[in-house]
Amino acid sequence: MFKLWVSIKKDIRILLRDKVGISLMFVMPIILVVVVTSIQNSTFQLVNKNKLPILICNMDTGKSGVQLIESIDKIGMFKVSQIPKGHEKTISDDMHSQDALLGIVIPANFSAEVNAKAKSASDKAMAAFSGQADTVKNTIKKETSGIGPLTLYYNPVLQESLRFSIQGAIRSALQLVQTRETLRTLYYSSNEKELPKSLENEMLNSNTTINMLPVSKDGTRNTPNASQHNVPAWTIFAMFFVIMSLGGSVVREKVSGSFIRLKTLPTNYLVGLLSKQVTYLGVTLLQAVVIFSIGIWLFPYIGLPALNLPQDIFALFIVTLVCGWCAVSYAICVGVFAQTQEQANGFGAISIVILACIGGLMVPSFAMQGLAKTLSNFSPMHWCLQAYYSLFLEGAQLKDVLNNIGSLFIITVIIQFLTYLGLKRKNLI
């Protein structure tokens, strides 16, 4: 135990002299967490709170075009600005000059086609009511092929998922205009008077309410925020970045001949490796404490949502401990097999980014398909992230994350075994 304690003190002193390594392990992840959380939180607000600027060129002279503009404005997703007629050919330039992300051109015959479509639907309904459903095709001579397409311009910076949401919102506004005109025409055909405004609003606003509730294991219904998603993910990234200091330390000992001198001492070098694991495991735990503390106390002061810790703190500690041990084991393994410090740092940094990509830190695992989804199961970051997400997002307990911890433990044991084989092959133990 005394030899282990002395080795730990030695590794702590070496670590404290590595100013660059300390900055990479603490300063860079903190900046990364703050920046990424701010960006994602801004994205959430863009979709949920802020409005997308949209330009509308209404070439229609009827009332349906005006109703469509009002319906789009009532959606609450867009900041509507109208441009004069005749600008339909220069709407792209107008979008750039006014910093608008979207543009719509309403065709000149929009109201006429809406009225024709409503009249056709009303005639078919009246024919069916009067028992002439079999001869409805002979009764209605003029059929409409549907309303002419609206032209929607969009800025290429908009992602495909957001464009689909925008298209759905515009389609719902268009459907509202068509339904309103159909109801008015049908009511007039059957009663020979205008549809009362109160009845029109009642018929159009009788949609079923949709309640959206997040799934959780503890029964809570708190909606996760950007901090809940990003802080655990980039804490994992910070843990694995100990490779920049630990991997280089192992290589330096090999290159400088420290391994050979340590073999002459009355102790096993495995004690030295154990001391490195204990020292840097403490570093990973300290990283988690620092980053979680920033999420809890600093984020509210810089306009970001506060991080809410899971109820099972013991489970959080166990998951963090196993994640840190895996990160330290991987760093030592890379250091053992690398020939130079440049190889350890270069391969270590690139491999961590790759593991983060396939592990779900940069691209959500549910969005992966085929080979990428299969490879994610071999990334230790995947199991770390799944365990953290179960705790932070679903309110899970320790028993709920045992599968993730077990998979991560198996990966860590394999990495430790590869490290042992590497040391034996190089006659270092």
Segment GLN167-PHE317, extension gain: residue separation times 0.36 nm, minus the distance between their alpha carbons: 49.5 nm
Table column - 3J(HN,Hα) (Hz), the range 99-104, Karplus curve with 6.51, -1.76, 1.60, x for Gly and Pro: 6, 8, 8, 9, x, 10
LYS19 - accessible surface, heavy atoms, 1.4 Å probe, Å² rounded to 10: 140
Most to least accessible of LEU16, LEU52 (protein chains only, probe 1.4 Å): LEU16, LEU52
Accessible surface ranking that places the most exposed of GLU253, GLU70 first, with a 1.4 angstrom probe: GLU70, GLU253
Paramagnetic reach from GLN369 in the range 154-179 [backbone N under 17 Å; point 7 Å along Cα→Cβ]: 160-162, 164
Nearest-10 value in Å² for the accessible area of SER249, using the 1.4 Å probe: 10
Rounded accessible area of VAL255 (nearest 10 Å², 1.4 Å probe): 100
Amide proton proximity set for ILE56, modelled H, under 5 Å, gap of 5+: SER81, GLN82, ILE83, ILE104
Cα gyration tensor category, rounded, prolate or oblate, for the range 24-126 with a/c compared to 1.5: prolate
For the range 152-159, Karplus couplings with θ = phi - 60° (6.51, -1.76, 1.60), whole Hz, Gly/Pro x: 10, 9, 9, 6, x, 6, 5, 6
Segment ASN377-ASN427, length gained on full extension (0.36 nm per residue, minus Cα span): 14.7 nm
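For each pair in LYS85/LYS119; LYS89/LYS193; LYS19/LYS373, compute the distance between the two Cα atoms and list the pairs where it is over 31 Å.
LYS89/LYS193; LYS19/LYS373
Would you mind calculating the relative contact order of the range 342-429 from Cα pairs under 8 angstrom and at least 6 residues apart, reporting the percent as a whole number?
Working: 54 pairs, mean separation 17.9, N = 88.
Result for the range 342-429 is 20 percent.
The values are calculated or read from the model by the stated rules, or taken from the named source; none is laboratory data. Just so we're clear, the structure is a prediction, and the values are computed from it rather than from any experiment. Backbone-built Cβ (ideal geometry, glycine too); neighbour counts: all protein chains shown. Remember, those area values only see protein heavy atoms, side chains included, never the ligands or the DNA or RNA. Shrake-Rupley method; radii C 1.70, N 1.55, O 1.52, S 1.80 Å.
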